[in-house]
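Chemist: Mind looking over this structure? Questions follow.
The values are calculated or read from the model by the stated rules, or taken from the named source; none is laboratory data. Everything numeric in this text was worked out from a predicted model, so none of it was measured. Cβ sites come from the backbone with ideal geometry, for glycine too, and all protein chains shown count toward neighbours.
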Amino acid sequence: MNPNSEAILFIYLFIYLFIYLFIYLFIYLFIYLFNSEAIAIGQVDELLPVTLFDCVQCLFLCLGAIALVCIAIPYMALACIPLLGLFILLRQYYIASSRELKRLEAIAKTPIFATFTGSLSGLETIRAFDGTGLRQQGFMRKLDEYGRAWYAWLLVNRWIGFRLDMISALVLLLTAVGSVLLREHYPDTIDPGMNLTNSAA
């Protein structure tokens, strides 16, 4: 056999092996990305209808309660305008804060998974050089950072919840006071008990 033919055969073998590895890695990467996107889309498909139904249901309950109260006590329509402005200001402030805190939470979550994966893949090396304590301290530090970001996001949600509850309590107070004060002017339309029931819903 000719020495040049052995070299050519080796080069062809190397090229075919390189092409095979490249195709294999490309297909594996494509399947991985496609599969992770399919999982995310599946979660969206499962959660979106339920969330949309809850949103529409709450919207119609709120609009119905406001409409009933405004029909029974026409002066409540004047009080709803500044409350709507307050609600829009709170919403804008909350959306900006919540978006940034959710981004910080996602940024703090990524190193946890990277550290966990790295610890599992290099477990023998970590144990051989007695690095378990150091690795554990680093992991706990990353968990604390994630916990701080998550807790800040949770506090912002509680903050908006408290403000919305205060707006609801203000509407309930205005309805109660309006029902009692205007009972003599609108005797046929105002029933204080019914107004309070509808505004509390």
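Chemist: Look at S179 and say whether it is under 27 Å from the mean Cα position of the chain (by Cα), assigned to a helix (DSSP H, G or I), among the polar types (S, T, N, Q) and within 30 Å of A65 (Cβ to Cβ).
Modeler: Details: under 27 Å from the mean Cα position of the chain (by Cα): no; assigned to a helix (DSSP H, G or I): yes; among the polar types (S, T, N, Q): yes; within 30 Å of A65 (Cβ to Cβ): yes.
No; evaluated as a whole, the condition is false for this residue.
Chemist: Looking at this structure, is E145 more than 30 Å from L83 (Cβ to Cβ), among the acidic types (D, E) and surrounded by 14 or more Cβ atoms within 10 Å (Cβ to Cβ)?
Modeler: So E145 passes the test.
Chemist: Is at least one residue of region 77-90 more than 30 Å from R183 (Cβ to Cβ) and surrounded by 12 or more Cβ atoms within 10 Å (Cβ to Cβ)? Give the derivation first.
Modeler: Restricting attention to region 77-90, the residues satisfying the condition of being more than 30 Å from R183 (Cβ to Cβ) are 88-90.
Filter once more, keeping what is surrounded by 12 or more Cβ atoms within 10 Å (Cβ to Cβ): 90.
Yes, region 77-90 contains a residue that is more than 30 Å from R183 (Cβ to Cβ) and surrounded by 12 or more Cβ atoms within 10 Å (Cβ to Cβ).
Chemist: Would you confirm whether any residue within region 158-169 is in contact with a Phe, Trp or Tyr (Cβ under 7 Å, 6 or more places away or on another chain) and either at pLDDT 85 or above or over 30 Å from Q92 (Cβ atoms) (or both)?
Modeler: For region 158-169, residues in contact with a Phe, Trp or Tyr (Cβ under 7 Å, 6 or more places away or on another chain) and either at pLDDT 85 or above or over 30 Å from Q92 (Cβ atoms) (or both): present.
Chemist: To continue, here is another question. Quick one: how many residues across region 81-106 are more than 16 Å from the chain's Cα centre (by Cα) and in contact (Cβ under 8 Å) with a residue 60 or more places away in the chain?
Modeler: Result for region 81-106: 4.
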